[in-house]
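Take a look at the structure set out below.
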Amino acid sequence: MSRQKPIGIFDSGLGGLSIGRAIKAVLPKEDLLYFADLAFSPYGSQSDNVIVERSQYIVNFLIAQGCKAIVVACNTATVHSIDTLRAKSSIPIIGIEPGIKPAALDSKNGVIGVLATEQTLNSDSFKQLKSRYSKTVRIETQACPKFVALVENTEHNSEIAREITEQYIRPLLSAGCDKIILGCTHFSFLTSTIKEVVGDDVEIIDTTIPVVKQLCRILSHHKLRRETNVHRRDAFWTSGNSEKVQKPMSRLWGSEVCVSELHS
């Protein structure tokens, strides 16, 4: 496998761009290929079978594009499909899960909170993860169904975003949470709004950085890290309407992007 090959990233929507931006910041020499599966978004409203089928379809596409590693930048896709994807893939696949472990180990109050989608909170893998640490800390959960739409519509810094954040966060603060975990890649774009609500005494745990660190370790282990940024480029694909998604994707990415369409 050539070091010059791109890194693939996919999510049901635009939230995974937070992972893409973090990868670009830490690995600026790497080519990135991002796929937003907007025709099936949000995955939280899809059946388990559909999520696995779509994840496999996208992974196959990214491999066909020559990707040397793939990041599943979606908690819902990770908890439902990561084992199947890895079993069928010949390249490294990195998933993402809520950062309960670091929060549990570092909590002073013994109470931590998790913000996530309903699908993630109801998944067997999350329940197992929660059970693993519930003996040492109390884990409060909060479903945040409106957060994804706020990010997709680039309204994550709006007044309405703050009002919705208040509604979701207050029960966790009242429960005594001193760590709040962002259990969805979309939620990373709401970090500043969430910080305004929680103040300085509560730490926000974003799993974006651990995912990038794991990617770095895997690329180094397989000797796949790119050594030059000459002619590097980023590519963006969607199963939705490329014209409709180009503007919000550009805003979230931080620069103008060109989006291609792929329909199955």
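The values are calculated or read from the model by the stated rules, or taken from the named source; none is laboratory data. Just so it is clear, the model here is predicted, and its values are computed rather than measured. In this analysis, Cβ positions are derived from the backbone assuming ideal geometry, glycine residues included, and neighbour counts consider all displayed protein chains.
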> Would you say L219 is within 18 Å of the chain's Cα centre (by Cα), assigned to a helix (DSSP H, G or I), at pLDDT 95 or above and surrounded by 13 or more Cβ atoms within 10 Å (Cβ to Cβ)?
Replying inline: no
> Could you list, in sequence order, the residues of the stretch 195-216 that are assigned to a helix (DSSP H, G or I), in contact (Cβ under 8 Å) with a residue 40 or more places away in the chain and either aromatic (F, W, Y) or in contact with a strand residue (DSSP E or B) (Cβ under 9 Å, 6 or more places away or on another chain) (or both)?
Replying inline: T208, V211, V212, Q214, L215
> So which strands (runs of 3 or more DSSP E) stay within the stretch 62-178 end to end and still have 1 or more residues that are in contact (Cβ under 8 Å) with a residue 40 or more places away in the chain?
Replying inline: 69-72, 111-116
>> Restricting to the stretch 42-78, and then to whatever is polar (S, T, N, Q) and touching a Lys or Arg at 6+ places or on another chain (Cβ under 8 Å), can you tell me which residue is farthest from S264 (Cα to Cα)?
In response: Q46
> In the stretch 1-27, which residue that is of a type in the set (D, E, K, R) and in contact with an Asp or Glu (Cβ under 9 Å, 6 or more places away or on another chain) is nearest to G240 (Cα to Cα)?
Replying inline: D11
>> If I ask for residues that are surrounded by fewer than 20 Cβ atoms within 10 Å (Cβ to Cβ) and either under 21 Å from S18 (Cα atoms) or not assigned by TED's automatic domain parsing to the domain that holds L105 (or both), which ones from the stretch 165-196 would you list?
In response: T191, S192, K195, E196
